[in-house]
1. Considering only the range 175-195, how many residues are assigned to a loop (DSSP other than H, G, I, E, B) and either over 15 Å from residue 224 (Cα atoms) or touching a Gly at 6+ places or on another chain (Cβ under 6 Å) (or both)?
2. Looking at the range 132-154 only, could you name the residues that are charged (D, E, K, R) and either surrounded by fewer than 18 Cβ atoms within 10 Å (Cβ to Cβ) or not assigned by TED's automatic domain parsing to the domain that holds residue 210 (or both)?
3. Does the range 155-167 contain at least one residue that is within 23 Å of residue 77 (Cβ to Cβ), crowded, with 23+ Cβ neighbours inside 10 Å and either aromatic (Phe, Trp, Tyr) or at pLDDT 95 or above (or both)?
4. Would a scan of the range 254-271 turn up a residue that is assigned to a loop (DSSP other than H, G, I, E, B), more than 16 Å from the chain's Cα centre (by Cα) and under 26 Å from residue 90 (Cα atoms)?
5. On the phi < 0 side of the Ramachandran plot, assigned to a loop (DSSP other than H, G, I, E, B), surrounded by 15 or more Cβ atoms within 10 Å (Cβ to Cβ) and of a type in the set (S, T, N, Q): which single residue out of 226, 216 fits that description?
6. Limited to the range 7-24, what total is found for residues that are modelled with pLDDT under 90 and either assigned to a strand (DSSP E or B) or outside the structural domain of residue 77 (by TED's automatic domain parsing) (or both)?
7. Kindly indicate whether residue 216 is modelled with pLDDT of 95 or more and among the small types (Gly, Ala, Ser).
8. Which residues, counting only those in the range 41-88, are surrounded by fewer than 20 Cβ atoms within 10 Å (Cβ to Cβ) and in contact with a Leu (Cβ under 7 Å, 6 or more places away or on another chain)?
Amino acid sequence: MNSPFKTVALVGKYDSDIGESVLRLARFLVHRGFQVVIARQTAEKLDIPGYRLENLSDIGKVADVAIVLGGDGTILSITRVLAPFGVPIIGVNQGRLGFLTDISMEEMETELADILKGRYQSEDRILLEARVIRGQETLYEACAFNDVVVSKAGTGRLIEFEVSIDEEYVYSQRSDGLVVATPTGSTAYALSAGGPILHPTLDAIALVPICPHTLSARPIAVNGDSHVEIRIVFADDCRAHFDGQKHVDLVVGDRLQIYRAIKPATLLHPLDHSYYSTLRQKLHWGHQL
């Protein structure tokens, strides 16, 4: 075996019918001399016996690379766990959209064989760290790969907040909320709210208003080293969301501080991977004239 990787971790979407695909891939890897570790949650949910199991929180300590079978949502949750360990991630698409999981199930073995031999594109992408400050206390901390969103919750009324960047006041706004997105997240909620598409390798963060009351409110992209703070000025019902998978309720006076995580996420792609081709395919852009 001539590979930069020795131990390969497999993680599958828990609530999907991909047990056979995970098992097929595990056999494929073992046959080629790799040590295989399967996330314990994956193996137990999909009933996959006979392989070394590790808790997801421990996989970063033992794996050289992780293969994630699922959709973009699965990649988001796994990346937040593995990025601090520097474990690169390969995505096999079992979902609907597939911005992050760019290997199809049909071509899984062929594409993975090349990548695991060292023939791949490596791409570092920034993550965001966030904390909610209430008074002098840190109430909540979370990490996000796509975005941190402040928005109205159940009442449907606009919220009002102030935005500061690097401790400098930038603007006040009344709106349904604000999306603070990484370049990866620029094609998610931020795009739906009218934000720009940022190439995933850019060192930038996008601030995108959600239905602002003032028509002059526009998205802005700032340096990736920027520290963003959102202070809640008025809200009957307000909430902060992290990748749409975790959330915490906010009250007037709360401050949400957002900044780039120390370690990036590393994604591995096939050599013929093209981000622009992905955009054309997923966003249904027109063909070349």
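1. Kept after step one, since they are assigned to a loop (DSSP other than H, G, I, E, B), are these residues of the range 175-195: 176, 182-183, 188, 193-195.
Narrowing the set further to residues that are either over 15 Å from residue 224 (Cα atoms) or touching a Gly at 6+ places or on another chain (Cβ under 6 Å) (or both) leaves 176, 188, 193-195.
Number of matching residues: 5.
2. Keep residues of the range 132-154 that are charged (D, E, K, R), which gives 134, 137, 141, 147, 152.
Selection gives 134, 137, 141.
3. First, pick out the residues of the range 155-167 that are within 23 Å of residue 77 (Cβ to Cβ): none.
No, because not a single residue in the range 155-167 is within 23 Å of residue 77 (Cβ to Cβ), crowded, with 23+ Cβ neighbours inside 10 Å and either aromatic (Phe, Trp, Tyr) or at pLDDT 95 or above (or both).
4. Of the residues in the range 254-271, the ones assigned to a loop (DSSP other than H, G, I, E, B) are 254, 261-264, 270-271.
Of the ones still in play, those that are also more than 16 Å from the chain's Cα centre (by Cα) are 254, 270-271.
If we keep only those that are under 26 Å from residue 90 (Cα atoms) as well, we get 270-271.
The answer is yes, given that some residue of the range 254-271 is assigned to a loop (DSSP other than H, G, I, E, B), more than 16 Å from the chain's Cα centre (by Cα) and under 26 Å from residue 90 (Cα atoms).
5. Numbers: 216 fails: surrounded by 15 or more Cβ atoms within 10 Å (Cβ to Cβ).
Selected residue: 226, the only one of 226, 216 that is on the phi < 0 side of the Ramachandran plot, assigned to a loop (DSSP other than H, G, I, E, B), surrounded by 15 or more Cβ atoms within 10 Å (Cβ to Cβ) and of a type in the set (S, T, N, Q).
6. Number satisfying all stated conditions: 1.
7. Working: modelled with pLDDT of 95 or more: no; among the small types (Gly, Ala, Ser): yes.
No.
8. Within the range 41-88, 41, 48, 60, 81 meet the criteria.
The values are calculated or read from the model by the stated rules, or taken from the named source; none is laboratory data. In this text the structure is predicted, and so the values were computed from the model without any measurement. When we count neighbours, we look across all protein chains shown, and the Cβ atoms used for this are built from the backbone with ideal geometry, even at glycine.
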